[in-house]
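Readers should treat all values here as calculations from the given coordinates under stated rules, not as data from a laboratory. Because the structure is predicted, anything quoted here is derived from the model rather than measured. So basically every Cβ, Gly included, is an ideal-geometry build from the backbone, and we count neighbours across all protein chains shown.
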Amino acid sequence: MSGRPCVALWAAALLSRVALGLAAAGPVVRCEPCDARAREACKPLSPGCAEAVREPGCGCCLTCALAEGRPCGVYTERCGAGLTCRPPPGQAKPLQALLDGRGLCTNLSAAADAGAARSGGGGEGRMRDLLHLRADILSNTSATL
């Protein structure tokens, strides 16, 4: 059996394990409801805000989305529509970079192209893509209103 089918099976098993783990574990943090009283405490958006997104974590309030190229991470404001927060290229510890807010808001299509180029058919690139996918899932679990 060649190495590629084994890597593909292993990656599929890992993804299903992550999905099952997220479903079985439930939310790590239980958020308070976003009721009218909670929304009253929200600060108004700045007049120059091009796109409003929900603040990170359990927040009920809206904040301005980060533009392409802006620093981002798990605990920062969210990237705007069509963007994703990615660690800088060549980062030795990509998940740590995202936790530390050292990611960059990157165009989704550019990020997908970079992922395909990194993969190059090898297992190492696919594993890195899975880590990026997991980081995106963790940083965007409550991205929608």
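Brief remarks follow.
- For segment 31-46, 3J(HN,Hα) computed residue by residue from phi via the Karplus equation (6.51, -1.76, 1.60; θ = phi - 60°) reads 8, 5, x, 8, 9, 4, 5, 5, 5, 5, 7, 6, 7, x, 6, 5 Hz, glycine and proline entered as x.
- Label-point gap, in nm, between Arg70 and Cys58 - each point 7 angstrom along Cα→Cβ: 2.5 nm
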